[in-house]
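The values are calculated or read from the model by the stated rules, or taken from the named source; none is laboratory data. Just so it is clear, the model here is predicted, and its values are computed rather than measured. Note that we place each Cβ from the backbone using ideal geometry, even for glycine, and neighbour counts take in every protein chain shown.
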Amino acid sequence: MSNKVSESTLLAIAAAARARAYAPYSRFAVGAALLTAGGAVFAGANMENASYGLTVCAERVALWNARLAGHHRFSKLAVVADSSPPPAPCGACRQVILELAGDIEVVMGNLQGEIVRRSARELLPLPFTGDLLPGEAALPAAAAGDLWRLPLALRPIGRVRSSLTRPSEVPGRYKPLLSEIHLDPELEEGLYRIEEESRIIVIGYLHLAEDYVLKGERSGRGGEVYGVFACRTPYRPNPISMTEVDLVERRGHVLIVRGLDLIDGTPVLDLKTVIPPTGKQEAR
Ligand code: THU
């Protein structure tokens with residue numbers, strides 16, 4: 001099922017992850033993107049330190065990120081830097097890739113589009129493995145009931161194109177403003193027959209909202225104080241928005257919608273149809 005994410009998308013995700021590198025010492029930013037067997041992607045970027053030897057490469061950050069989210073089966077790792085030839089994983093990363101991900105394909109790319117492909121085993125032909133060690137590996141405590149507390153990883157499916165460019169420009173009340181949702185072209189097939197809908201639900205990720213407040217003034221109610229779950233403030237523990245909009249038109253992977261309260265560039269997490277009302281409202 002991993003063919004759901006193409007190699008070029010995986011490379012694009014790795015290239016995007018480079019922007020999150022912390023590389024003030026080498027000034028060599030590296031991004032990595034690891035594809036799971038089920039089609040999810042986990043990113044990584046190199047994290048340097050003033051104590052140079054503490055630096056961790058992009059590949060290991062991606063691997064640890066994915067393992068921590070519970071993934072064990074992988075199919076491909078993309079690594080991108082601004083270098084020619086493209087960056088090859090360091091020896092330490094080769095060892096970690098092989099142990100945590102197995103003999104996956106490693107795709108190395110650069111910003112000019114050069115690509116080098118090798119299997120993990122080709123990169124590390126004679127690996128040191130834990131099989132040589134005497135003891136049994138320690139297992140983590142059995143299925144912790146608190147796993148629900150772990151953060152979840154979500155993949156945006158597209159983004160908003162709007163004339164609203166700042167959060168302060170978003171109207172507090174409904175405005176029949178037209179905006180566009182540009183779906184990732186790879187997911188276009190998922191829009192099949194969406195034209196039959198006149199209203200759809202757009203779930204967005206409020207990427208500029210960094211913090212949350214549990215209680216605050218609620219706009220549109222005379223500034224009275226409400227809990228975060230009792231209003232629509234963007235400052236939420238999970239900065240997720242949900243808006244029902246008119247679907248005006250579909251042009252390939254682009255949807256034109258009316259009434260969306262999201263600014264230009266907002267990542268879209270999901271699109272859904274509206275549940276039609278079933279006659280009479282049930283008594284409460
Ligand atoms: N680096 C990676 O992140 N991945 C590689 O494949 C090679 C090297 C990082 C480590 C360090 O932050 C910088 O690149 C220079 O070595």
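Restricting attention to the stretch 104-135, the residues that are loosely packed, with under 15 Cβ neighbours inside 10 Å and either under 21 Å from Ala66 (Cα atoms) or out of contact with any strand residue (DSSP E or B) (no Cβ under 8 Å at 6 or more places or on another chain) (or both) total 16.
Each row is one residue, and each column tells you yes or no for (1) more than 14 Å from the ligand (Cβ to nearest atom); (2) modelled with pLDDT of 95 or more; (3) part of a loop (DSSP other than H, G, I, E, B).
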{"residue": "Asn3", "(1), (2), (3)": "yes, no, no"}
{"residue": "Ala16", "(1), (2), (3)": "yes, yes, no"}
{"residue": "Phe42", "(1), (2), (3)": "yes, yes, no"}
{"residue": "Asn49", "(1), (2), (3)": "no, yes, yes"}
{"residue": "Leu77", "(1), (2), (3)": "no, yes, no"}
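Among residues of the stretch 109-130 that are farther than 24 Å from Arg18 by Cβ, those with a beta-carbon under 7 Å from a residue that is modelled with pLDDT under 95 and in a loop (DSSP other than H, G, I, E, B) at least six positions away or on a different chain give the pairs Gly130/Ala137. When Val56 is tested against (1) more than 9 Å from the ligand (Cβ to nearest atom); (2) surrounded by fewer than 19 Cβ atoms within 10 Å (Cβ to Cβ); (3) under 18 Å from Pro24 (Cα atoms), only condition (1) is not met.
Here the stretch 66-75 is the region considered, the condition is being assigned to a helix (DSSP H, G or I) and free of Cβ contacts under 8 Å to residues at least 60 places away in the same chain, and the residue that is surrounded by the most Cβ atoms within 10 Å (Cβ to Cβ) is Ala66. Within the stretch 161-186, the set of residues being outside any loop (DSSP other than H, G, I, E, B) and out of contact with any His (no Cβ under 8 Å at 6 or more places or on another chain) comprises Pro167, Ser168, Glu169, Leu178, Ser179, Glu180, Ile181, Glu186.
Yes/no matrix, rows are residues, columns are (1) surrounded by 11 or more Cβ atoms within 10 Å (Cβ to Cβ); (2) touching an Asp or Glu at 6+ places or on another chain (Cβ under 8 Å); (3) in contact (Cβ under 8 Å) with a residue 40 or more places away in the chain; (4) not β-branched (Val, Ile, Thr):
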position	(1), (2), (3), (4)
Val228	yes, no, no, no
Ser241	yes, yes, no, yes
Val254	yes, yes, yes, no
Ile263	yes, yes, yes, no
